[in-house]
């Protein structure tokens, strides 16, 4: 498929958990009975499907210090497998059946306690939290004591684990925590820790990559207009072709030729009507039937065809589809958002940079939709190198606009700035280092995108940095999507 989805287009287990797990009834919950003494709690939370299967969430919780250190799920297992899983976990500890409120407060309380010490939950918790109820006042509060006598106690399995977590605790708590290794008779105060070379190295790594900094996204707030509820086109056969599941991978050459043989003004009008209609069907909540439908390549076909037609005034409609929420892009394009949009944005917008700038200066959009626009502008440098200075000035205006707005995530966020920095490295935009430094100096840029400012500064002029040059003809673009 163009978007490399499973042919049935059903929700993946992860998508289902994010979107629907909290709508399922909570089943049995289990908790190890000795967690208060050991500091390690094993938790099982069950969600019950209507069809009689079970989705289980497993959480390993360090109540002394680190919060959720591991978590995983088993999706929609039958009753026999469910019983076997519970029995297997019973072997790991003395599991007791408990109320959901107990495990909810234990998990979220441990996470909050760990974050006080600068330690975030295991990455998988970002998904696994959806097996739990949202942490609101609707869940009765149960107070648990975390740590040892209120202090964080890092129980490290070895020296490496100690030197991994010690810097984070030190940075967040000073000396107000304890630690213990297997060969120690009792916990020691943080101030008793002797700085080793490995700890110094890890401290430098933590400082370098700002591992404890959250990079929250810009808040999505776009209020879309009313889109057509009825699809009205001049050439009905065009609808039949674009919605044909046989063409979900790509439009055959003969169909492309047939479509492009239409009067271009009529074709443009029909494509834009289809896009508006399809956007209206999926701009808010996407139905289960839609997710299961195989015909969700329609917008991809339309955007590629509009790029091929090349009418600049189609840019406004393409930008309208780039004002939608993240689920919209996941449904229509999967992992191929940039591949679908960037060439069309370049073809339609290369001479309409003012409209692209207006889009970037409008608040409330999805970060990766914005990235499509900046990547498209950068394509001008590759396809029209004589316009490089014009592109540099466009980015300069954008970066100056973001000065003072990153803190409020107004029209931008730390991830977007980091990704723009990577794009500017690709086009060797050394002229923009002063503007980039102002934004990096806020400490709010996601340095996982392009590195810290010193790395950007040292690499931005290197010739081996070259962004991908996107193909522009429709045949090449379909080939690109199928790779």
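Each value in this text was obtained by applying a stated rule to the coordinates, not by laboratory testing. Treat the numbers as computed from the prediction; the structure is a model and nothing was measured. Neighbour counts run over all protein chains shown; Cβ positions are idealised from the backbone, glycine included.
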query = If packing is taken as the mean number of other Cβ atoms within 10 Å per residue, what is the order of 269-280, 146-157, 370-381, highest first?
reply = 370-381, 269-280, 146-157
message = Can you classify the chain as rounded, prolate or oblate using the Cα gyration tensor, where a ≥ b ≥ c are the square roots of its eigenvalues, rounded means a/c under 1.5, and otherwise it's prolate if a/b beats b/c and oblate if not?
response = oblate
query = Computed over the Cα atoms of segment 236-482, what is the ratio Rg over Rh, Rh following Kirkwood?
reply = 0.99
query = What list do you get for 314, 38, 221 if you sort them by fewest beta carbons within 10 Å?
reply = 221, 38, 314
remark   = Tilt, helix 298-309 to longest principal axis of the chain (alpha-carbon atoms), in degrees rounded to tens, equals 40 degrees
request  = Please report 65, 71, 411 as a ranked list, fewest other C-beta atoms within 10 angstrom at the top and most at the bottom.
outcome  = 411, 71, 65
ask   = Any idea what angle helix 367-383 forms with the longest principal axis of the chain, computed on alpha-carbon atoms, 0 to 90 degrees, nearest 10?
value = 50 degrees
note = Percent relative contact order for the chain, counting Cα pairs under 8 Å at least six residues apart, stands at 13 percent
inquiry  = Given the DSSP H assignment, sum -39500 (n - 2.57) over each helix run of at least 4 residues in the chain and divide by its residue total; what's the result at 222 nm in deg cm²/dmol, nearest 500?
reply    = -14500 deg cm²/dmol
Using alpha-carbon coordinates, inclination of helix 79-92 to the longest axis of the chain, degrees = 40 degrees
